[in-house]
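Taken together, the values in this text are just the output of simple stated rules run on the coordinates, not laboratory data. Quick caveat, the model's predicted, so the values are computed rather than measured. Here Cβ is always computed from backbone atoms with ideal geometry, including for glycine, and neighbour counts include all displayed protein chains.
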Amino acid sequence: MAIKITDECINCGACEPECPNNAIYEGGVEWTMADGTGVKGAYTLSDGSVTEAHEKHQPVANDVYYIVHDKCTECQGFHEEPQCAAVCPVDCCVPDEMYRETVEELLAKKDKMHL
């Protein structure tokens, strides 16, 4: 399951540098699959659509930091717990019930992004 940032976010930015997949962005900032990963060329997103690694995507949120679920691996293969949740001073980094994934799926996603 990916992690999401709730509306309680105070925009402190503590979470962003902790993400090993660069899946966390400041509100209003466009994202790409290539940011902080080894992705090159075409990449298939979880909804089945295909994007180019450097293609810019609209921000998921405009007012608070957000997590791109296609890049979130809950820190599997890097840390024992999601680092965004570990450093969040207001506990607004929580499991995103819309994106449920097994540990095996999260590790496969990690491997796909970090060739």
- [ ] Rounded to whole Hz and in sequence order, give me ³J(HN,Hα) for the range 37-48 from the Karplus expression 6.51 cos²θ - 1.76 cosθ + 1.60, θ = phi - 60°, writing x for Gly and Pro.
- [x] 10, x, 5, 9, x, 6, 9, 8, 7, 5, 8, x
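May I ask you to derive the relative contact order of the chain, considering only C-alpha pairs under 8 Å and at least 6 residues apart, and to give it as an integer percent?
Details: 211 pairs, mean separation 45.5, N = 115.
Result for the chain is 40 percent.
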Task: Farthest toward positive dipole pole in the chain [+1 Lys/Arg, -1 Asp/Glu at C-beta], among Cys92, Asn11, Leu107 - done: Leu107
Open item on the list: Output wanted: per-residue J couplings in Hz (rounded whole) for the range 7-18, from phi through Karplus 6.51 cos²θ - 1.76 cosθ + 1.60, θ = phi - 60°, x for Gly and Pro.
Closed with: 5, 6, 3, 9, 6, 6, x, 4, 6, 3, x, 7
TODO: State the Cα centre-to-centre distance between the range 29-66 and the range 91-112 in whole Å.
DONE: 16 Å
Task: Calculated FRET efficiency for the pair Val50/Val90, C-beta based, R₀ 25 Å, to 0.05 - done: 0.10
Task: Calculated Cα extents along the principal axes in Å (choose from [x] 36, 29, 24; [y] 66, 28, 21; [z] 56, 29, 21), label - done: [x]
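Highest mean first, what order results for 77-86, 90-99, 44-53 on Cβ atoms within 10 Å? It would help to have the intermediate numbers written out before the result.
Details: 77-86: 16.4, 90-99: 14.6, 44-53: 11.6.
Output ranking for 77-86, 90-99, 44-53: 77-86, 90-99, 44-53.
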Task: Degrees, to the nearest 10: 103-113 long Cα axis against longest axis of the chain - done: 70 degrees
